[in-house]
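Visitor: Mind having a look at this structure? Questions to follow.
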Amino acid sequence: MKNKIVEKAADMFITLGVKSVTMDEIAAELGISKKTIYTHFPTKIKLIDATADFVFQNIAAGIERIKSENNDPIAELYSIKEFACTHLKHEKTSPQHQLQKYYPSVFLKVREKQGEMLKEITRDNLKKGIEKGIYRSDLPVEFISRIYFVGILGTKDHEFFPEPQFSPHQLTNMHLEYHLRAIVSPKGLKKLETYITASSTT
């Protein structure tokens, strides 16, 4: 039952917004009493913390599967981006923004774990791309692995990138293309432009 509560709550939080969903609504969706939820999660913030961890673990597992396929490094980043966006439903409810605003302790915990995971993903991807000649050989790997994450955080700032002027999906695509254009070799640029052209026609 505890796992069912977490799964249902995670889906509702991502779909409707962390702040909008009540414990009563989660209980109604599951066909159980609110008391049953409180047996496992005494407060809403404890449930939010558990769901944030659940979503993070699922995304991390999916990314590891993508990495294990040993794709072209550019294709790998696009696959990871699409997987994460789909899992977070293209952030239509701005889940991270809501966490930061209403549940900062959970947000800080999530951001730390995300940072470590993204730095590792980017480091591995950079090394693979350099070895294949798709990325420039002179790249400062550690710097780029960190600045890429900082850039992602920046695109979540609604003051700098307000909706509807910038949609989350648009920002994610633009940020990834910006990142790749900065690091690809001439060989990699041809691959990137081919990939962008193919993506824009689908």
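Visitor: Using only the Cα atoms of the stretch 104-202, build the gyration tensor, take square roots of its eigenvalues as a ≥ b ≥ c, and label the shape rounded, prolate or oblate: rounded if a/c is under 1.5, else prolate if a/b is larger than b/c, else oblate.
Guide: Oblate shape, in that a/c is at least 1.5 and b/c is the bigger or equal ratio.
Visitor: For the chain, with a Gaussian network of springs between Cα atoms less than 10 Å apart, report the residue from Leu88, Leu189, Leu126 with the top mean-square fluctuation.
Guide: Leu189
Visitor: Something else: Could you state the orientation-averaged shadow area of the convex hull built on the Cα atoms of the stretch 158-202, in nm² to one decimal?
Guide: Dividing the Cα hull surface by four gives the mean projection, 3.7 nm².
Visitor: Using a Gaussian network model on the chain with a 10 Å cutoff between Cα atoms, which of Phe54, Phe83, Phe143 fluctuates the most?
Guide: Phe143
Visitor: Let me ask you something else. In percent, how large is the relative contact order of the chain, given Cα pairs closer than 8 Å and 6 or more residues apart?
Guide: Relative CO of the chain lands at 20 percent.
Visitor: Using a 7 Å offset from the Cα along the Cα-to-Cβ direction at both Ser33 and Lys187, what is the distance between the two label points in nm, to one decimal?
Guide: Reported label-point gap for Ser33 and Lys187 is 6.7 nm.
Visitor: Using only the Cα atoms of the chain, construct the convex hull and provide its projected area averaged over every direction, in square nanometres to one decimal.
Guide: 12.2 nm²
Visitor: Right, next: Among Leu180, Ile134, Gln170, whose Cα lies farthest out toward the positive end of the dipole of the stretch 134-191, if unit charges sit on the beta carbon of Lys, Arg (+1) and Asp, Glu (-1)?
Guide: After comparing all options, I get Ile134.
Visitor: Next up: Roughly how far apart, in whole Å, are the Cα centres of the stretch 57-81 and the stretch 137-202?
Guide: Rounded to whole Å, the Cα centres lie 16 Å apart.
Visitor: How much accessible area per residue does the chain have, in Å², with a 1.4 Å probe?
Guide: So the chain comes to 55 Å² accessible per residue, rounded to a whole number.
Visitor: Okay, next question. Of Ile63, Ile147, Ile5, whose Cα points farthest to the positive end of the dipole of the chain (charges on the beta-carbon: +1 Lys, Arg; -1 Asp, Glu; origin at the Cα centre)?
Guide: My answer, from the dipole projection, is Ile5.
Visitor: Something else now. Between Tyr38, Tyr103, Tyr148, find the one with the highest GNM mean-square fluctuation for the chain; connect C-alpha pairs within less than 10 Å.
Guide: Of Tyr38, Tyr103, Tyr148, the most mobile in the Gaussian network model is Tyr38.
Visitor: Okay, next question. Let me spell out the model: positive unit charges on the Cβ of Lys and Arg, negative unit charges on the Cβ of Asp and Glu, origin at the Cα centre of the stretch 1-91. What dipole size does that give, in debye rounded to 20?
Guide: 500 debye
Visitor: If amide H atoms are built 1.01 Å from N in the plane of the peptide, which residues on other chains or at least 5 residues away come under 5 Å of the amide H of Ser185?
Guide: Here Tyr135, Arg136 satisfy the definition.
Visitor: Sticking with this structure for a sec: How much of the accessible area of the chain, in percent, comes from carbon and sulfur atoms when a 1.4 Å probe is used?
Guide: Exposed carbon and sulfur together represent 56 percent of the surface.
Visitor: Among Phe54, Ser33, Ile14, whose Cα lies farthest out toward the positive end of the dipole of the stretch 1-66, if unit charges sit on the beta carbon of Lys, Arg (+1) and Asp, Glu (-1)?
Guide: Positive-end residue among those listed: Ser33.
The values are calculated or read from the model by the stated rules, or taken from the named source; none is laboratory data. All values derive from a computational prediction rather than experimental measurement. Here Cβ is always computed from backbone atoms with ideal geometry, including for glycine, and neighbour counts include all displayed protein chains. Accessible surface is based on the protein model in full, side chains and every heavy atom, while ligands, DNA and RNA are left aside. Shrake-Rupley method; radii C 1.70, N 1.55, O 1.52, S 1.80 Å.
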